[in-house]
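The values are calculated or read from the model by the stated rules, or taken from the named source; none is laboratory data. Small disclaimer: the values here were computed from a predicted structure and weren't measured. No Cβ is skipped: glycine too gets one built from the backbone with ideal geometry, and neighbour counts run over all protein chains shown. Just so you know, the surface numbers come from the protein's heavy atoms only, side chains and all, with ligands and any DNA or RNA stripped out. Shrake-Rupley method; radii C 1.70, N 1.55, O 1.52, S 1.80 Å.
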Amino acid sequence: MTEPTSAAVQLLGGWDYAVIVFFAVLMASLSIICRKLNKNPSDYFRGGGNMLWWVGGISAMATAISAWSFTGAAAKCYQDGFLYPATLVIGTVPAILAMWFIAPRFRRLRVITAMEGVFRRFGMGTEQFYTWFTLPMGLFWGGIGLNTIGVFMAGVFRMDVATTVLVFGALLTFVAVLGGQWALSFFAVVQGILLVLVVITVAVLSLMRPEIGGWANLPAVLPARHLNFAFESSGALVTIWFIYQILFWALGQMDLRNSGKFVRVKDDSAARRMVLVMFVPALLMLPVLMQLPAICAAVVFPDLAMVFPMLKSPAEGAWLAMALTVLPQGLIGLMVAVMFGATADSTDAALNSNAGFFTRNVYARYIRPQASAKNQVFTGKIITGIFGVITIGVALAVNSLRNLNLFDLFQVLNAMLLPPMIVPMVLGVFIKRTPDWSGWSTVVAGLVAAVIVNALYSAEAVQALLGLDRALSLREVVESQFIVISTATWGVSILWFLSTRLFWGKSRPEHRERIEALFADLARPVNHMGEGGEDQDSMQYRVVGGLFLLTGGALMLGALIPNPLYGRIIFMVIGGMLLLMGLVFWRLAKR
């Protein structure tokens, strides 16, 4: 293995700021333009259920990628190499197989928000429990997501995290309030394509660094910990952790609360094609390509604390350090815009969904049942703005209080919160005969188990169980805690939900009737136009095509920036690809 060196990172220049301003104006303008498409709550919260499959699929894929992928996940890859990306690639196989069957069933729910699907399956009690449990949790996760973009931008602009959280949180809230689901989805399509192109660019340039010497030479220069997944750790712990990560990834896609993305498209066929768009890129090794720069950073920047002294966990700047090293001027600004857009997709989607839950499942159902469509849209915008402010406050609190890196923080929280929430939402779509209280009671049982097991967790007990003659490392403590809590929450949640079947006979008649109607709809394919849908295909091709033409043309002009030849070529290639796609979509719109 060659001796690691340390390269110099660049600061943003004038051309980079010009690119950032262009994308900020584009994003704000799109939100204003798309206001006209929000005629009713269905338009504002799910695009009227009229989205083309590729619009829904690309936007869902882009929304699933946030700045956390390039901070928290990048830190994990900087430390452990290809271990985490491998879980995403392998977990994609069961996810595709399951969602090919489940996605059409989600579309057949025929609802505006996912929480309305919860009502159809479990009734008012579980709907309200999930709504009031999901709202604060959604704001909490949104705050953590905003904190990740704050961490990323703090490294870019050399500012403190609190300032970047305030600035970018305000921008995200503005976009979410004005545009609704149409604006979010249209921007996410362009954002998703650009994200893939930028990720591939940074990955290729990282491999070309002299410290790396290309793909073939990568194994020779990587640290030993990257070549041995159980480096300084228990092999049993790593194996179980790996399996659990796949389990979380695959089952998380089947959660009924994720049905919101599938009710946006037109019918069963569109939902299935969405699945391919969402998950096939992972089979093509996109997660590995995405994290190659962070893995290369372990060679180029063995001590990231010297590069990012302002970060609590410097390893979270691994991906950024490589991008700032290999990208020429102008392209750094493009990278910043893409990273901001990635978080905008996920954070704004969360704000829009949470506002939809409150507006449709609380305000319009119980507070003001007679509310008009126009009033519901107006209320949704007000609630989105309020939730945006709360999310900023949560992000600031998370930054001041957290003592774990972002990956470990997500891991522990996932172990405690996700299994109890996921189990009834997955099993409830298949298992018919459970009482209406089976949903919320499963969450309570799982959370109680999580709290008890977390309190009883002992690193010494795990050490004895593994037969180790040494104390657990920090990595082993976090991973074993994740495994122990996950085992308890998955096991208790599944057993509790299955046991509620014993009480089906005591269910109220209205619950039985609602269940029968739901499962009848789940067996009946969607007839888009026959069920009141609109033909908005031409509008979608026209808007997305125009965005590609505008963005591609602007990036082609980036070739005029005084860069080395390879920098000019990159601008030409990326801009040219977007221009070509824009011309194709524009031609389809005219048809």
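Output the number of the condition that I96 fails; it satisfies all remaining conditions of (1) modelled with pLDDT of 85 or more; (2) open to solvent by less than 40 Å² (accessible area, probe 1.4 Å); (3) closer than 23 Å to L417 by Cα. Exception for I96: condition (3).
Look at (1) assigned to a helix (DSSP H, G or I); (2) more than 18 Å from L580 (Cβ to Cβ); (3) in contact (Cβ under 8 Å) with a residue 40 or more places away in the chain and you find that P525 fails only one, number (1). All of (1) open to solvent by less than 20 Å² (accessible area, probe 1.4 Å); (2) under 30 Å from M335 (Cβ atoms) hold for P219 with one exception: (1).
The residue of the stretch 453-508 that is nearest to T434 (Cα to Cα), among those that are acidic (D, E) and assigned to a helix (DSSP H, G or I), is E479.
In the stretch 110-134, what residues are of a type in the set (A, V, I, L, M, F, W, C) and over 17 Å from the mean Cα position of the chain (by Cα)? Scanning the stretch 110-134 gives V111, I112, M115, V118, F119, F122, M124, F129, W132, F133. Scan the stretch 427-450 residue by residue and report those that are within 26 Å of the chain's Cα centre (by Cα) and under 14 Å from T489 (Cβ atoms). Passing the criteria: T442, V443, V444, G446, L447, A450.
This table checks each residue for (1) in contact with a strand residue (DSSP E or B) (Cβ under 9 Å, 6 or more places away or on another chain); (2) more than 30 Å from I102 (Cα to Cα); (3) open to solvent by less than 20 Å² (accessible area, probe 1.4 Å); (4) basic (K, R).
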| residue | (1), (2), (3), (4) |
| --- | --- |
| R264 | yes, no, no, yes |
| V280 | no, no, no, no |
| L283 | no, no, no, no |
| A294 | no, yes, yes, no |
| V299 | no, yes, yes, no |
| L304 | no, yes, yes, no |
| G317 | no, yes, yes, no |
